[in-house]
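The structure appears below as structure tokens.
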Amino acid sequence: MRLEFLENGPIRVEGARFRLKVGEKEEVLERPRVFLCRCGGSANKPFCDGTHKRIGFQAPGGVLEVED
Ligand code: FES
């Protein structure tokens, strides 16, 4: 798995099928990628909704790769 921390923005996760559990709710997302909020301002957590731009979130970019 590879997580990309976008400069001043969300975390991009590449995949094809994600299983999301939030509280009692669980759903399967069939998408090539998801963007996770890391600014704390999204109204659609855990996903980015673009709020980071409005609030001027700043953080360096980077990559985290999970090795087997
Ligand atoms: S990183 Fe985009 S709304 Fe938080």
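Bear in mind that the values in this text are calculations on the coordinates, not laboratory data. Predicted model, so just to flag it, every value in this text is computed and none were measured. Reconstructed Cβ throughout: ideal geometry from the backbone, glycine too, with neighbour counts over all protein chains shown.
Could you pull out every one of the strands (runs of 3 or more DSSP E) wholly within the chain that has 3 or more residues that are in contact with a strand residue (DSSP E or B) (Cβ under 8 Å, 6 or more places away or on another chain) and surrounded by 14 or more Cβ atoms within 10 Å (Cβ to Cβ)?
2-5, 11-14, 33-36
Are there any pairs with C-beta distances below 6 angstrom linking a residue in segment 39-68 that is farther than 26 Å from Val22 by Cα to a residue that is within 6 Å of the ligand (Cβ to nearest atom), with the two at least 6 apart or on different chains, and if so which?
Close Cβ pairs (under 6 Å, with a partner that is within 6 Å of the ligand (Cβ to nearest atom)) do not exist here.
Which of the residues that make up segment 22-68 are charged (D, E, K, R) and away from the ligand (no atom under 11 Å from the Cβ)?
Glu24, Lys25, Glu26, Glu27, Glu30, Arg31, Arg33, Glu65, Glu67, Asp68
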